[in-house]
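Okay, structure first, notes after.
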Amino acid sequence: MDEADQARDAGTQAEDRSRRPDWFHRGHPVFFPLAGFFTGMVSIIVVPGLYAAVLRWLVGYHRAEELFPFVLLLLVVPIGLLVPRHTRRFARYMLLGTLATLIVAVGVAGAVLWFLLKRDA
C-alpha cells in the first residue's frame, strides 16, 4: 500500500468511528431487556409443556403427574441470574416476562371460565 491508500483508510476509519453511536461496542441498549422479556415469556409457555411431554414419554402418565410440580424449579433460573452483577438486568426482565405471561394467561383463563359459566347459567 502506498501513502495515499493508507491516508484514505485512516480517513475512512475515522469517519466510521464518528458515525458509530457510543453504545456500539456494548450492544444495543434494548437488547438485554427484549431478550430477557421474551426468554421469560417463552420459558413459561414452552418449558412446562416440553417437560410434561418428555416425562410422560420416559416414565408414563401417572409418574409424570407426580413429578410435574418440579417444573417450578424453572423459576430458579432467573432468581439465580439475579446474583451475578452482569446478568441482573437480563434476569429482571426475564422475571418480568415470566410474571406478565402468567398474569395474562391466568386472566384470560378466568375471563373465559366466567363467560362460559354465565352463558350456561
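The values are calculated or read from the model by the stated rules, or taken from the named source; none is laboratory data. All values reported here derive from a predicted model rather than from experimental measurement. Don't worry about glycine lacking a Cβ; one is built from the backbone with ideal geometry, like all the others, and counts go over all protein chains shown. The protein model used for the area step is the full one, side chains on, heavy atoms only, and it has no ligands, DNA or RNA in it. Shrake-Rupley method; radii C 1.70, N 1.55, O 1.52, S 1.80 Å.
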- The correct count of residues that are without any contact (Cβ under 8 Å) to a residue 12 or more places away in the chain, open to solvent by less than 60 Å² (accessible area, probe 1.4 Å) and assigned to a helix (DSSP H, G or I) in region 76-104 is 2
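Taking the options 67, 73, 117, name whichever one is open to solvent by less than 50 Å² (accessible area, probe 1.4 Å) and of a type outside the set (Ser, Thr, Tyr).
Numbers: 73 fails: open to solvent by less than 50 Å² (accessible area, probe 1.4 Å); 117 fails: open to solvent by less than 50 Å² (accessible area, probe 1.4 Å).
The unique qualifying residue is 67.
Results for (1) modelled with pLDDT of 65 or more; (2) part of a helix (DSSP H, G or I), shown as yes or no for each residue.
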{"site": "1", "(1), (2)": "no, no"}
{"site": "11", "(1), (2)": "no, yes"}
{"site": "15", "(1), (2)": "no, yes"}
{"site": "27", "(1), (2)": "yes, no"}
{"site": "37", "(1), (2)": "yes, yes"}
{"site": "52", "(1), (2)": "yes, yes"}
{"site": "56", "(1), (2)": "yes, yes"}
{"site": "67", "(1), (2)": "yes, yes"}
